[in-house]
Amino acid sequence: MNTSENPGAIIVTGGSRGLGRGIALELAGAGHSVAINYRGNVEAARQTLQDCQDAAAQAGHDQAQFATIQGDISVAADRQALVDETVRQFGGIFALVNNAGIAPSVRADITEATEESFQELMTTNLQGPYFLTQAVARHWLSGAPRPNEANATNTEAPRHHIVFVTSISATSASITRGEYCVSKAGLAMAAQLWATRLAAEGINVYEVRPGIMETDMTSGVKEKYDALIAEGLVPQRRWGKPQDIGRIVRAIVAGDLGFSTGAVIYSDGGIHLERL
């Protein structure tokens, strides 16, 4: 994918590490310019930037551009600044990947969990991406240039893409992190709402639903899930990797799922399958 065909960058929130880094690297290798959003870990963001530059160069995509943009998506002013800065640096926004999210700082039974933890996760995991999507959608609908508009020949192709990265916790109850489950369930509905609203505008929306992924977020429970995976919890008998999510996002922004807006795409090794 040559970025000259798709002006503007793809915003990846929470792009400094974990799933976000995996998504950014896959996009870079495909020739996309990426705005790497991060909340506070500037060193990790810079490493992602360097890795993206290397991936693009190795694939022969020297035209791809990358930048780190600090911002906390739970803060309204930061969300708007992320949109504005991406447009300023890249000339436009091609796609949005709502990846940023947090887990509870303390895993507590729902009879003991605090309102403060609930509010923190809702603000970051649900309110943040919901209203960042609103800000990006308003930018597009305000008359911002469409990718390839001058020489478009395929009017059936979506002109923009939005991806919500949720979790199997959207439907799988986990009583020691109830606030996380509720935030992801709400995010799954947000994807459906935005897909419905934007479909006629040529803007496709997808939900990517990861399973047990090998990231910093799960490092503290690795031994527990190593055992469960070995026992067959995951039919494919392995951890998910950040690049698994990245490859799905790469296919989405390439337009390979052009007639599938609103789709829920699992990347969980089959854990969602109903089994006896």
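Table for the structure above
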quantity: Helix-only CD estimate at 222 nm, as mean residue ellipticity for the chain, using -39500 (n - 2.57) per DSSP H run (n ≥ 4); calculated: -12500 deg cm²/dmol
quantity: Gaussian network model of the chain, springs between alpha carbon atoms under 10 Å - residue of Pro210, Pro242, Pro104 with greatest fluctuation; calculated: Pro104
quantity: Rounded to whole Hz, the Karplus (6.51, -1.76, 1.60) HN-Hα couplings of segment 35-43, x for glycine and proline; calculated: 8, 8, 7, 8, 8, x, 8, 5, 5
quantity: Antiparallel DSSP beta bridges within segment 118-276, percent to nearest 5; calculated: 0
quantity: All-pairs alpha carbon distance profile, segment 50-187, 10 Å steps from 0, percent; calculated: 11, 31, 30, 20, 7, 1
quantity: Cross-link reach list, lysines versus Lys241, counting only Cα pairs under 19 Å and skipping chain neighbours closer than eight places; calculated: Lys222, Lys224
quantity: Overall form of segment 1-63 per C-alpha gyration tensor (a/c, 1.5; a/b vs b/c); calculated: prolate
quantity: J(HN,Hα) series, segment 128-143, from Karplus relation 6.51 cos²θ - 1.76 cosθ + 1.60, nearest Hz, glycine and proline x; calculated: x, x, 4, 7, 5, 4, 4, 5, 5, 4, 4, 4, 5, 6, 6, x
quantity: Column: log10 I(q)/I(0), Debye, Cα scatterers of the chain, q = 0.12 Å⁻¹; calculated: -0.71
quantity: Which of Tyr180, Ala113, Ser142, positive extreme of dipole for segment 107-241 (C-beta unit charges); calculated: Ser142
quantity: For Tyr266, distant residues with modelled amide H under 5 Å away; calculated: Arg209
quantity: Size of segment 133-274 as Cα extents on the principal axes (Å, biggest first); calculated: 55, 28, 27
quantity: Dipole magnitude (debye, nearest 20) for segment 222-276, charges at Cβ of Lys, Arg, Asp, Glu; calculated: 140
quantity: R0 of 30 Å, Cβ-Cβ distance Met217-Glu156: FRET efficiency to nearest 0.05; calculated: 0.20
quantity: Relative contact order (%) - criterion: Cα under 8 Å, at least six apart; region: the chain; calculated: 20
quantity: Net dipole in debye of segment 48-146 [+1 Lys, Arg Cβ; -1 Asp, Glu Cβ; about Cα centre; nearest 20]; calculated: 540
quantity: Size of charge dipole - the chain - debye, nearest 20, with Cβ of Lys, Arg +1 and Asp, Glu -1, no other charges; calculated: 280
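Here, each number is a calculation from the coordinates, and none is a lab measurement. Bear in mind the structure is a predicted one, so any value in this text is a computation, not a measurement. Quick reminder, even Gly has a Cβ in these numbers, built from the backbone with ideal geometry, and neighbours come from all protein chains shown.
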